[in-house]
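The values are calculated or read from the model by the stated rules, or taken from the named source; none is laboratory data. From a predicted model like this one, the values you see are computed outputs, not experimental measurements. Cβ coordinates were reconstructed from backbone atoms using ideal geometry, including for glycine residues, and neighbour counts include every protein chain displayed.
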Amino acid sequence: MDYEAMFRGSLAELRGEGAYRVFADLERMVGAFPRAIYRRDGVAKVVTIWCSNDYLGMGENPQVLGAMHRALDRSGAGAGGTRNISGTSHAHVMLEAELAALHGKPAALLFNSGYASNWATLGTLGARLPNCVMFSDELNHASIIEGIRHSRCEVRIFKHNDVADLRAKLAAVEARVPKIVVFESVYSMDGDIAPISDICDVADAHGAMTYLDEVHAVGLYGHEGGGISELHGVRDRLTMIEGTLAKAFGVVGGYIAGSRDLCDFIRSFASGFIFSTALPPSVAAGALESIKLLRRDGRRRARHQNRVSLLRKKLDQAGIAHLENPSHIVPIMVGEPRLCKQMSDRLLDLHDIYVQPINYPTVPRGTERLRLTPTPQHTDEDIAKLVDALIEVRSSLVPTSQQGRVSRNGRPLTRTRSAHRTGSEHRKPSAETVEATV
Ligand SMILES: *Cc1c(COP(=O)(O)O)cnc(C)c1O
């Protein structure tokens, strides 16, 4: 086989459909968030980032950086081993205690990323619980899908946020069979939120455990930033809460929180936990500081929500359609990969605004979008500039007849993000096609 030709062929296919990914070469600037230096073809300029998952700008927070510098100077660059073999630093121990407290759980367990926490935890539970059946929301993240796949347990996919469908699927499995309901709180691409309490009711009625991915909510929602489960007052009802230290907390790493025995079980049996070097102590110290800050100070969360409302209002005034949802994620539906890329390129080239186009396989074909994530550091002026730029880009790239159209049924179409990205059994054909929604 001509291996190189195969690689080139696959990449050409991706380019052909406008889904080839181009990384933006960015240098984030401490003290100037959300600004960054952008480089291309030997030219550098300052741009404003509008698509960061550093939702609160904690990645440049002076106290977080101070904690990291101190830990770096005290303990050095790396952890020096896996958690079991010399790699557990005091910062890891304190961070796990803080995470448990954040979610009101007896224990927590750290992983090197949110991806690893989902993959390793679900992979281990599905493999070790005898005849386990998982019930997974059809829009669950790739890391969840891969974890379930890896476990080789049986999986039933329920319709997105559809409690009735979940109930029917649970009822179809014998009562004595171990079950886990796996879902997210804030779904990252559409920004909609799961009915956690209702899902817990159904899970309880069928003796199922519950696993909630709060990656896009921790730090952002609830009185102490414990996520939607804290906001809704239902954290005690969940068997496991999973989160990341890389998004609102601004550092890197992932975790689960749950009972002592559950965390000990994963700690003791999950290959993806056991055989990987622990996070650097400086990372653990930075994440710990970030969580402590966000637990006691709700002002950043309030300012964040304020920026989200203002952006939505300004988009409405400009007649730019965006997907309604109760979260901080503001998707502008484009519905066509090439147009989405062209809009992103023009925003960057002409307006110094960086919004990465979100294309297949991150979202289903036909639901390509610009996903805006306002932060507390985006000023009124930043928002005004963004909206003006979007108006200019729309008038130069989108035919007038298609401007402001949302979809056939009057709602922007974004269902079935699904797992095209991984080619797993979650895969669902995109039933609906967006006409053009900008
Ligand atoms: C980003 C993300 C993850 C993975 O977290 P990382 O810390 O970035 O590895 C898991 N779940 C969801 C829903 C995510 O969006």
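Which is of a type in the set (Gly, Ala, Ser), away from the ligand (no atom under 11 Å from the Cβ) and either in a loop (DSSP other than H, G, I, E, B) or under 21 Å from Ala217 (Cβ atoms) (or both), of Gly126, Gly191, Gly147? Spell out the reasoning first.
Numbers: Gly126 fails: either in a loop (DSSP other than H, G, I, E, B) or under 21 Å from Ala217 (Cβ atoms) (or both); Gly147 fails: away from the ligand (no atom under 11 Å from the Cβ).
None of the other options fit; the residue is Gly191.
With respect to Leu397, determine if the residue is among the aliphatic types (A, V, I, L, M), surrounded by fewer than 18 Cβ atoms within 10 Å (Cβ to Cβ) and at pLDDT below 95.
In short, yes.
From the list Val215, Val202, exactly one residue is in a loop (DSSP other than H, G, I, E, B) and either of a type in the set (D, E, K, R) or crowded, with 22+ Cβ neighbours inside 10 Å (or both). Which is it?
Val215 is the lone residue from the list that is in a loop (DSSP other than H, G, I, E, B) and either of a type in the set (D, E, K, R) or crowded, with 22+ Cβ neighbours inside 10 Å (or both).
For Arg176, work out the one condition from (1) more than 24 Å from the chain's Cα centre (by Cα); (2) surrounded by 24 or more Cβ atoms within 10 Å (Cβ to Cβ) it doesn't fulfil.
Checking Arg176 against (1) more than 24 Å from the chain's Cα centre (by Cα); (2) surrounded by 24 or more Cβ atoms within 10 Å (Cβ to Cβ), the one that fails is (2).
What is the one condition in (1) over 30 Å from Ser271 (Cβ atoms); (2) buried (at least 19 other Cβ atoms within 10 Å of the Cβ); (3) aliphatic (A, V, I, L, M) that Ala91 does not satisfy?
(1) is the only condition that Ala91 fails.
Taking only segment 150-176 into account, find how many residues are out of contact with any Leu (no Cβ under 9 Å at 6 or more places or on another chain) and either in contact (Cβ under 8 Å) with a residue 40 or more places away in the chain or of a type in the set (A, V, I, L, M) (or both).
Total satisfying the criteria: 11.
Enumerate the strands (runs of 3 or more DSSP E) found wholly within segment 1-49, keeping only those where 2 or more residues are closer than 19 Å to Glu381 by Cβ and touching a residue at least 12 places away in the same chain (Cβ under 8 Å).
35-40, 43-49
Just one of the numbered conditions (1) in a helix (DSSP H, G or I); (2) surrounded by 18 or more Cβ atoms within 10 Å (Cβ to Cβ); (3) among the aliphatic types (A, V, I, L, M); (4) away from the ligand (no atom under 16 Å from the Cβ) is not true of Val155; which one?
(1)
I'm told Gly233 meets every condition in (1) touching a residue at least 24 places away in the same chain (Cβ under 8 Å); (2) away from the ligand (no atom under 15 Å from the Cβ) except one. Can you identify the failing condition by its number?
(1)
Restricting the search to segment 236-246, which residues are more than 16 Å from the ligand (Cβ to nearest atom) and in contact with an Asp or Glu (Cβ under 9 Å, 6 or more places away or on another chain)? Show your work before the answer.
Applying the first criterion (more than 16 Å from the ligand (Cβ to nearest atom)) to segment 236-246 yields 236-237, 239.
Listed by number, the list holds a single entry, Arg237.
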